[in-house]
Amino acid sequence: MKKRQSGVLMHISSLPGKYGIGSFGQSAYDFVDFLVRTKQRYWQILPLGTTSYGDSPYQSFSAFAGNTYFIDFDILIEEGLLNEADVKGADFGDDPRKVDYAKIFDARRPIMEKAVARFLKAEDLSDYESFVEENAAWLEVFAEYMAIKEHFDNLAWTEWPDEAIRRREAASLASYREKLADKLTYHRVTQYLFFKQWLRLKAYANEHHIEIVGDMPIYVAADSADVWAQPHFFKTDAVGKPTCVAGCPPDEFSETGQLWGNPIYDWEAMDKDGYAWWIERLRESFKIYDIVRIDHFRGFESYWEVPADSETSATGKWVKGPDYKLFAAVKEALGDLNIIAEDLGFMTDEVIELRERTGFPGMKILQFAFNPDDESIDSPHLAPNNSVMYTGTHDNNTVLGWYKDEIDDATRQYMAQYTNRKEYETVPHAMLRTIFASVSFMAIATMQDLLELDSAARMNYPSTIGGNWTWRMTAEELNPIVEGELYSLTKTYRRMNTDLINK
């Protein structure tokens, strides 16, 4: 039996702050302190990668690079890389509860360029030079990609007008590296600043006995340095465009399924290479996270493959994945890893067998548990100890939004009976109480449900572009009442972080 623990799901972008988006600044340290006071063990976040079209952290320009939007300006001011005048008057958006990505995109770059220019004037750049050398395997490709992409007005690489650089021909690559040297340096330095700030924050969390649960998307974006540099690892045509893309089949939530658009891995090519790309990806992930949640775990057993020219996911088919061979190679190279398998969606005996063979805990979503007429695999009374229980994920509505807008009266009545909800108890509290009471060794509360927010605070509507990933918390919302409720749930259901009991 694994020891009972709990934590909170709260992405960096959702933290409060004055520069339009959450960052690695003081509010992040304050959030760690909140977790400490409530005796939590885990802080779960969404992917830290760069965001591309649609602003999704699950569609990144690189499987390795970090999102430089999270670099905190106040820390740069303290370090002398910026001054107050550099940020004064910049328009980061006027709604403290929403991220305005268009304004962030326009406002941050000229400020970061000033910081980079001052950084490069420092007398001692040895730490930066070590970072560049140690991370060259992914950093140089990423810097090249972003510099050339910006040179071509941010077009996806398959649309670049120069065929030679699309194919990464040596002479062409050398020419662009010389021509765009300043841009390459900019991307190297900003990645250095990203990892410097993040690793300092992570160290603070770890010193206070808080573990970071990171998130790894199973797929990478078609518009990414990964596909540009290693197209042979993906099912692409002669010009690098995907011949088939990822998604999931039609189900009760969508008649046409979900069409994600990510290129599909050429698992045969990866197998011949000993899964080196995946081994390196996980090695890097465990440098920045303590636990990794792998999104869409079932895709390793079988994945839904859709022809690239399809308008919906309904035309797809199931194709066999690498199954346990991948994880055997990873284990041989890296040893046992703390991984959570996101095993939601259409489950088969084969997927369950793969999850059990790896030993990874799966996920249970309480919003899926309440079918008045039938059993649900997400019911807490069926959950094994080796599982992680959530009220919902980033793809779900908030509990309050779900209760008000998505379920019928029969489901509401069954939910009240199952959770033994009292008339005076709020719906979010009853749901949180139920996940904390479950036998799952890990219970993760979403911050929106702790704050009892409605659907306006929802993080993502799957299969939609625009308006997602924008919710932010205000500093005032993290008040003693919320703190007291979380502490009470944690203590009542014996999930206290024992390293913090006497602190």
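Can you tell me which residue within the range 453-503, out of those that are β-branched (Val, Ile, Thr) and buried (at least 19 other Cβ atoms within 10 Å of the Cβ), is nearest to residue 39 (Cα to Cα)? Write out each step before concluding.
Initially, the range 453-503 is screened for residues β-branched (Val, Ile, Thr), giving 464-465, 470, 474, 481-482, 490, 492, 498, 501.
Retained after the next criterion (residues that are buried (at least 19 other Cβ atoms within 10 Å of the Cβ)): 470, 490.
Details: 470: 28, 490: 7 Å.
If we take residues in the range 453-503 being β-branched (Val, Ile, Thr) and buried (at least 19 other Cβ atoms within 10 Å of the Cβ), then 490 is nearest to residue 39 (Cα to Cα).
Tell me, which residue of the range 447-484 that is among the polar types (S, T, N, Q) and not in a helix (DSSP H, G or I) is modelled with the lowest pLDDT? Please lay out each step first, then the result.
In the first step, residues of the range 447-484 are kept if they are among the polar types (S, T, N, Q); the result is 448, 455, 460, 463-464, 468, 470, 474, 479.
Of the ones still in play, those that are also not in a helix (DSSP H, G or I) are 460, 463-464, 468, 470, 474, 479.
On the way: 460: 94, 463: 77, 464: 81, 468: 94, 470: 97, 474: 96, 479: 95.
Filtering first and then ranking leaves 463.
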- Item | Matching residues, the range 202-230, being part of a helix (DSSP H, G or I) and within 17 Å of the chain's Cα centre (by Cα) | 202
- Filter the range 9-26 for residues that are among the hydroxyl-bearing types (Ser, Thr, Tyr), open to solvent by 10 Å² or more (accessible area, probe 1.4 Å) and within 19 Å of the chain's Cα centre (by Cα) and give the result. 23
- Query: Of all residues in the range 197-220 being surrounded by fewer than 17 Cβ atoms within 10 Å (Cβ to Cβ) and among the charged types (D, E, K, R), which is nearest to residue 72 (Cα to Cα)?
  - Reply: 200
- Message: Let me spell it out: the conditions are (1) basic (Lys, Arg); (2) closer than 23 Å to residue 59 by Cα; (3) in contact with a Gly (Cβ under 9 Å, 6 or more places away or on another chain), and residue 118 meets all of them except one. Which number is the exception?
- Response: (2)
- Query: Quick check, is residue 345 small (Gly, Ala, Ser) and in a loop (DSSP other than H, G, I, E, B)?
  - Reply: yes
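Quick test for you: out of 164, 143, 122, pick the one residue that is small (Gly, Ala, Ser) and part of a loop (DSSP other than H, G, I, E, B). Before you say what the answer is, go through the steps one by one.
Numbers: 164 fails: part of a loop (DSSP other than H, G, I, E, B); 143 fails: part of a loop (DSSP other than H, G, I, E, B).
None of the other options fit; the residue is 122.
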- State which residue pairs qualify: first residue closer than 26 Å to residue 462 by Cα and in contact (Cβ under 8 Å) with a residue 24 or more places away in the chain and inside the range 344-360, second residue buried (at least 16 other Cβ atoms within 10 Å of the Cβ) and among the small types (Gly, Ala, Ser) in any location, beta carbons under 8 Å apart, and separation of 6 or more residues or different chains. 348/302; 350/302; 351/302; 355/341; 355/362; 360/341
- Note on the structure: Checked the range 282-340 for anything part of a loop (DSSP other than H, G, I, E, B), open to solvent by less than 20 Å² (accessible area, probe 1.4 Å) and free of Cβ contacts under 8 Å to residues at least 40 places away in the same chain; matches are none
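For the range 267-281, what are the residues that are over 30 Å from residue 43 (Cβ atoms) and outside any helix (DSSP H, G or I)? Break it down stepwise before answering.
Applying the first criterion (over 30 Å from residue 43 (Cβ atoms)) to the range 267-281 yields 267-274, 276.
Result: 273, 274.
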- Message: Against the definition (under 24 Å from residue 475 (Cα atoms) and either open to solvent by 10 Å² or more (accessible area, probe 1.4 Å) or not acidic (Asp, Glu) (or both)), how does residue 393 come out, yes or no?
- Response: yes
- Message: among the hydroxyl-bearing types (Ser, Thr, Tyr), more than 18 Å from residue 10 (Cα to Cα) and surrounded by 20 or more Cβ atoms within 10 Å (Cβ to Cβ): which single residue out of 414, 403 fits that description?
- Response: 403
- Taking residue 64, is it among the hydrophobic types (A, V, I, L, M, F, W, C), in contact (Cβ under 8 Å) with a residue 60 or more places away in the chain and within 19 Å of residue 87 (Cβ to Cβ)? no
- Of all the residues that make up the range 412-458, how many are free of Cβ contacts under 8 Å to residues at least 40 places away in the same chain and within 15 Å of residue 482 (Cβ to Cβ)? 3
- Message: Going residue by residue through the range 213-228, is there one that turns out to be at pLDDT 95 or above and farther than 30 Å from residue 393 by Cα?
- Response: yes
- Message: Condition first: polar (S, T, N, Q) and farther than 12 Å from residue 142 by Cβ. Now tell me which residues in the range 182-239 satisfy that.
- Response: 185, 197, 206, 230, 236
- Do you know which residues across the range 238-255 are modelled with pLDDT under 85, of a type outside the set (D, E, K, R) and closer than 12 Å to residue 312 by Cβ? 254
- Query: From the list 240, 261, which one is crowded, with 16+ Cβ neighbours inside 10 Å and not in a loop (DSSP other than H, G, I, E, B)?
  - Reply: 261
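Does the range 41-54 include one or more residues that are in contact with a Pro (Cβ under 8 Å, 6 or more places away or on another chain), open to solvent by 20 Å² or more (accessible area, probe 1.4 Å), among the hydroxyl-bearing types (Ser, Thr, Tyr) and at pLDDT below 95? Reasoning before the result, please.
Residues of the range 41-54 that are in contact with a Pro (Cβ under 8 Å, 6 or more places away or on another chain), as a first pass: 46-49, 51.
Then keep just the ones that are open to solvent by 20 Å² or more (accessible area, probe 1.4 Å); that gives 51.
Filter once more, keeping what is among the hydroxyl-bearing types (Ser, Thr, Tyr): 51.
From what's left, at pLDDT below 95: 51.
Yes, the conditions are met somewhere in the range 41-54.
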- Note on the structure: Among (1) of a type outside the set (Ser, Thr, Tyr); (2) without any contact (Cβ under 8 Å) to a residue 24 or more places away in the chain; (3) surrounded by 22 or more Cβ atoms within 10 Å (Cβ to Cβ), residue 408 falls short only on (3)
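For residue 257, indicate whether it is touching a residue at least 60 places away in the same chain (Cβ under 8 Å) and at positive phi.
Values: touching a residue at least 60 places away in the same chain (Cβ under 8 Å): no; at positive phi: yes.
No, not satisfied.
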- Could you please find all residues in the range 99-135 being open to solvent by 30 Å² or more (accessible area, probe 1.4 Å) and either in contact with a Cys (Cβ under 8 Å, 6 or more places away or on another chain) or small (Gly, Ala, Ser) (or both)? 102, 117, 122, 126, 130
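The values are calculated or read from the model by the stated rules, or taken from the named source; none is laboratory data. All figures in this text were calculated on a predicted structure; none of them were measured in a lab. All Cβ positions, even for glycine, are placed from backbone atoms using ideal geometry, and neighbour counts span all protein chains on display. In case anyone asks, the SASA skips ligands and DNA or RNA and just uses the protein heavy atoms, side chains included. Shrake-Rupley method; radii C 1.70, N 1.55, O 1.52, S 1.80 Å.
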